[in-house]
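Asker: Just dropping this structure here.
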Amino acid sequence: MTTPDDLQYRLTTLTDEPGCGGDCACGEGASAYECGLDSGLAALLADAGLDPLLVEEIAHMTVEEDLDGGVDVTSVATIPEDAVATGDFTAREAGTVAGLRVAEAILSVVCTDDFEVERHVEDGDRVEAGQRLLSVTTRTRDLLTAERGMLNLLCRLSGIATATRLWADVLEGTGAEVRDTRKTTPGLRALEKYAVRCGGGVNHRMSLSDAALVKDNHVIAAGGVAQAFRAVRERFPELPIEVEVDHLEQIPPVLAEGADLILLDNFTVERTREAVALVAGRARLESSGRLTLANAREYATTGVDYLAVGSLTHSSPILDIGLDLRQQEGAA
């Protein structure tokens, strides 16, 4: 996924003019949100499975939260308006990168002039401590105003990608994949699930409407596992249905109803092997609960298809990334 070190990408600036402008990539029908991202950046986001309009909205919210209707008083007071600098976003520790294009979107919202980006790596790349990820040349004030918002999301998403990569590496060769849950930060689900993909994981459903997951409370409300499954199938026949089971005895009636996927909740490794043998390939299986990096491969070798790991998005530590301005020639 890495691009050449000398790759240069010039982004146009946002203007105060209404509408998208001739270089906008959002196309017709985007009037719900005024698009200002460069067409090249928007295309890269779309290719990555991200909605450019959503990313731009998050970028605006990030900047507006930091400025709170005012200005970056420290940068305005200490830096001449026309000063230009180059800064390097650098990994302080080893990990997997995610969110570089999202960071660029934040910069594009802040910048009052054109800025130039040199990409040294791409999302999904493994990096070492001290490795440069992204170099930016623009007005110094703008770069420092955008710094914290860019790093907040870049560090957060790279942390998720790094944690996911650890699981994906442990599962390599087993046939099982690590997958996320809906335990995400409100408003950032699309970005956090994108980071999971960057780390080698796969996504579960994005929302409550694109797939059904019959859990214990649904079972209680419906009067049984089979009854709950049947009710969903009758109401939404086109959707995939996953059913959570707590005991082996719940599996045969779910199979008889035609479940696409069965979630084995808090099964031991031994019980998981029994479930795999019982299902015999008639449905996909997902393990949830009791999972750690230490036992992940043991669960995977039972024959399940997925390991559901909520911690990928709800508690992964950030990847430490920093921004350093390059020393100007002739400076002391």
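Each row is one residue, and each column tells you yes or no for (1) assigned to a helix (DSSP H, G or I); (2) in contact (Cβ under 8 Å) with a residue 60 or more places away in the chain; (3) within 24 Å of GLU192 (Cβ to Cβ); (4) not aliphatic (A, V, I, L, M).
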{"position": "LEU44", "(1), (2), (3), (4)": "yes, no, yes, no"}
{"position": "ASP82", "(1), (2), (3), (4)": "no, no, no, yes"}
{"position": "THR90", "(1), (2), (3), (4)": "no, yes, yes, yes"}
{"position": "ALA98", "(1), (2), (3), (4)": "no, yes, yes, no"}
{"position": "GLU104", "(1), (2), (3), (4)": "yes, yes, yes, yes"}
{"position": "VAL117", "(1), (2), (3), (4)": "no, yes, yes, no"}
{"position": "GLY124", "(1), (2), (3), (4)": "no, yes, yes, yes"}
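Asker: Within region 126-166, restricting attention to residues that are within 19 Å of the chain's Cα centre (by Cα) and part of a strand (DSSP E or B), which residue is nearest to THR96 (Cα to Cα)?
Answerer: The initial filter retains those residues of region 126-166 that are within 19 Å of the chain's Cα centre (by Cα), namely 126-127, 133-134, 148-166.
This time we only want the ones that are part of a strand (DSSP E or B), so: 126-127, 133-134.
Details: ARG126: 4, VAL127: 6, LEU133: 11, LEU134: 14 Å.
So the residue we want is ARG126.
Asker: Which of the following residues is within 30 Å of ALA129 (Cβ to Cβ), in a helix (DSSP H, G or I) and touching a residue at least 40 places away in the same chain (Cβ under 8 Å): LEU312, LEU307, LEU319? If you could, list the steps in order and put the result at the bottom.
Answerer: Numbers: LEU307 fails: in a helix (DSSP H, G or I); LEU319 fails: in a helix (DSSP H, G or I).
Sole residue among the options that is within 30 Å of ALA129 (Cβ to Cβ), in a helix (DSSP H, G or I) and touching a residue at least 40 places away in the same chain (Cβ under 8 Å): LEU312.
Asker: Taking region 170-187 on its own, how many of its residues are surrounded by fewer than 18 Cβ atoms within 10 Å (Cβ to Cβ) and farther than 11 Å from LEU307 by Cβ?
Answerer: Number satisfying all stated conditions: 8.
Asker: Looking only at region 135-144, decide whether some residue is in the same structural domain as LEU213 (by TED's automatic domain parsing) and of a type in the set (Asp, Glu).
Answerer: Step one: filter region 135-144 for residues in the same structural domain as LEU213 (by TED's automatic domain parsing), giving none.
No.
Asker: Another one. Residues that are surrounded by fewer than 17 Cβ atoms within 10 Å (Cβ to Cβ): which strands (runs of 3 or more DSSP E) entirely in region 210-279 hold 3 or more of them?
Answerer: On the way: elements: 212-214, 241-245, 261-265.
Qualifying strands (runs of 3 or more DSSP E): none found.
The values are calculated or read from the model by the stated rules, or taken from the named source; none is laboratory data. Because the structure is a prediction, the values reported are computed rather than measured. A quick note on method: Cβ atoms are made from the backbone with ideal geometry, for glycine too, and the neighbour counts reach across all protein chains shown.
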